[in-house]
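Data first, discussion second: the structure below is written as structure tokens.
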Amino acid sequence: MAESMQGLKRSHRCTEVSNKNIGETVTVMGWAQKRRNLGALIFVDLRDRSGLLQIMFDENSVGSAGFEKAGAIRNEFVIAVTGKIQKRTAAVNENLKTGDIELVAEDIRILSESETPPFPIEENSQTKDEMRLKYRYLDLRRPDIQRNMMLRSKVIYLMREFMAKEGFLEIETPILCKSTPEGARDYLVPSRIHPGNFYALPQSPQIYKQLLMCSGYDRYFQIAKCFRDEDLRADRQPEFTQADMELSFVDVDDVIDVNERLLQYVFKEAIGVDIQIPLPRMPWQEAMDRFGSDKPDTRFGMELKDVSEVVKNCGFGVFTGALENGGSVRGINVSGQGSMPRKKIDKLVEFAKGYGAKGLAYLVINADGGFKSSFAKFMTEEELSALVSAMEGKPGDLLLFAADKNKIVWNVLGALRLEMAKELDLLEPNQYHFLWVTDFPLLEWSEEENRYMAMHHPFTMPVEEDWENVDTDPGAVRAKAYDIVLNGTELGGGSVRIHQNDIQEKMFEVLGFTKESAHEQFGFLLDAFQYGVPPHAGLAYGVDRMVMHMVHADSIRDVIAFPKVKDASCLMTEAPGAVDEKQLAELSLQIVEE
């Protein structure tokens, strides 16, 4: 039978007591983690968000009724205990913050009973994700998840503190917005008052924060909820949290400066990691050529080598065919892995195909300097030696090559490089390698749309000296855009925004907008720009991704209180769900079965 808390107040959390409190009377409350009945003594490990405290029940101190209650305690019962702190009578537990003390109970109340949980509430749970997320309210009791959530709270507090000191104003922007066609797919919200019309949930506060710059607020900041109807992966959710900012009268270096100092402050205060600034910068083209990725993991080498010139006249048709079609031949040197079994190499070929490759060519340098290769018979000894030399190969190395259009070659080798690093255990989790990737292309060609699309968004400022080539070579125009990358993950990104009307109009024209369609989608922003707009720039971080790296989690689900699963559903609440006909009628909606 659950008891009331009436007249009882908690004096400490479980680990807020220490050997400094020995002899004091305290009241603690929490969940029973474990009970051990030794006959004359009962021990209960009490857990709250701060950690564990051992409670000792002795009939002499707690009385027969209290001792009987203690004997009835089961895992996850919620209890309140009053008693005195003393030195442990048994062995000290050095793994616990309170491992040298215990609470001798003088009074106990069972505030709530619990059924047996479907899985143990313990650190590093081996329970399947589906079960954990179905009972997320129990999963959130696990000490490691609670530490993640508390660190997340601290990170957000530190960001707010730093931004306030730097003169940023925290301003909330709307959740119900107008749908825009560029970027990811919107989540739509039907309007009851305007039948047939829809709001969109914000993919980011982009347009509103630019309007705030037009309104003279100078420096804006927000911890913003954002929504994107995209396919999910380990570092992506349909709803996520951004630390969003915008600054007036700045250029690229100003934004990078304030953000380097923000990162330095947050990482030091949150997890004790010293970040040396300024951080390295790398142009997008260099990142793609060296790492096959615009978010390179620089904790290890195994960089891509372009061997197109070396193989352009060889007899291997896969290589020469790719070059004739305007592509390239590139490779990575997996040092010391020449003894890899053929079956494993075949698996790598299949892995490469998953990233768009038609195949994967390999060459093993034997200990005696000879070669074992999938294409050696098509090349002369001299050509093979030149290829090995270009790859800086040595006996015992495994060389892997991709030949296709640049985009596919980069994707394949970039992914393969990371896969090999995981297999060879080259990724040191306690290293934090930050990198700014800069000078992104302003535009990228979409085969699907048969037109150029903005790589970031339509309001990104081009690099001034490139802009004159926008009509003759649009793909070569660089953007004043920058991403902050940590250990192969894009933590955040931003750009300098267009503030001149002529550049913005031309940008819309290149993207295929008519003046009318541009005004229909972005009229309120374009109108605002008629009334004096300052040069401005901004950046947004994925808070979930940042905390994920801080705690070395495999998925952002472990740093979000109530995450969705791969199909964007919630196993706990069973959202999304059907609604009744009356609700649909109010919204002028009808479900049409396929």
In whole Hz, the Karplus estimates of ³J(HN,Hα) for the stretch 554-560 (6.51, -1.76, 1.60; θ = phi - 60°; x where Gly or Pro) are 7, 9, 5, 4, 7, 10, 10
How much accessible area per residue does the chain have, counting only protein heavy atoms and a probe of 1.4 Å, in square angstrom?
50 Å²
If you take the C-alpha gyration tensor of the stretch 104-242, multiply each eigenvalue by 5 and take the square root, what semi-axes do you get, largest first, in whole Å?
38, 23, 15
In percent, what relative contact order does the stretch 350-499 have, based on Cα pairs under 8 Å that are 6 or more apart in sequence?
18 percent
Return the distance in nm (one decimal) between the two label points of a simple spin-label model at residue 502 and residue 87, each offset 7 Å from Cα along Cα→Cβ.
8.4 nm
Hey, got a sec? Which trypsin sites (Lys or Arg not before Pro) in the stretch 317-386 land in a DSSP loop and have at most 16 other Cβ atoms within 10 Å?
358
May I ask you to work out the translational diffusion coefficient for the stretch 87-165 at 10 °C, viscosity 1.306 mPa s, via Stokes-Einstein with Rh from the Kirkwood sum over Cα pairs, reported in whole µm²/s?
97 µm²/s
Mean-position separation - Cα centroids, the stretch 74-146 and the stretch 544-577, in angstrom
24 Å
Global form of the stretch 1-124, assessed from the alpha-carbon gyration tensor, a/c cut-off 1.5:
rounded
Suppose we look only past 24 Å in the calculated P(r) of the stretch 163-283. What percent of the Cα-Cα pairs does that tail hold?
43 percent
What list of ³J(HN,Hα) values in whole Hz, one per residue of the stretch 579-594 in order, does the Karplus curve 6.51 cos²θ - 1.76 cosθ + 1.60 (θ = phi - 60°) give from phi, with Gly and Pro shown as x?
10, 7, 4, 4, 5, 5, 4, 4, 9, 6, 10, 9, 8, 9, 6, 6
Quick note, the stretch 554-594: a/c under 1.5 would make it rounded; otherwise a/b > b/c is prolate and the rest oblate (a ≥ b ≥ c, C-alpha gyration tensor); here it is prolate
Please compute the contact order of the chain in relative form: average sequence separation of alpha-carbon pairs under 8 Å and at least six residues apart, divided by the residue count, as a percent.
13 percent
How much of the accessible area of the chain, in percent, comes from carbon and sulfur atoms when a 1.4 Å probe is used?
49 percent
Length gained, residue 11-residue 285, 0.36 nm per residue minus C-alpha separation, equals 92.7 nm
Please report, to two decimal places, log10 I(q)/I(0) for the stretch 322-367 at q = 0.27 Å⁻¹ as given by the Debye formula with identical point scatterers on the Cα atoms and no solvent.
-1.12
Project the alpha carbons of the chain onto their principal axes and report the range along each, largest first, in whole Å.
92, 73, 55
Cleavage-rule hits (GluC sites (Glu not before Pro)) in the stretch 1-70: DSSP loop, at most 16 neighbouring Cβ within 10 angstrom:
3, 24
Semi-axis lengths (Å, descending) of the ellipsoid that matches the C-alpha gyration tensor of the stretch 446-594:
36, 26, 16
Selected from 472, 456, 491, residue furthest toward positive end of dipole (the stretch 433-497; charges at beta carbon)
491
Which loop-located chymotrypsin sites (Phe, Trp or Tyr not before Pro) does the stretch 406-436 contain, where loop means any DSSP state but H, G, I, E or B and the Cβ has at most 15 other Cβ atoms within 10 Å?
none
Can you tell me the dipole magnitude for the chain around its Cα centre, using point charges on the Cβ only (Lys, Arg +1; Asp, Glu -1), in Debye to the nearest 20?
2260 debye
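The values are calculated or read from the model by the stated rules, or taken from the named source; none is laboratory data. Remember, it's a predicted structure, so these values are computed and weren't measured experimentally. Methodologically, a virtual Cβ is constructed for each residue, glycine included, from the backbone with ideal geometry; neighbour enumeration extends over all protein chains shown. Calculation scope for accessible area: heavy atoms of the full protein, side chains included, ligands and nucleic acids excluded. Shrake-Rupley method; radii C 1.70, N 1.55, O 1.52, S 1.80 Å.
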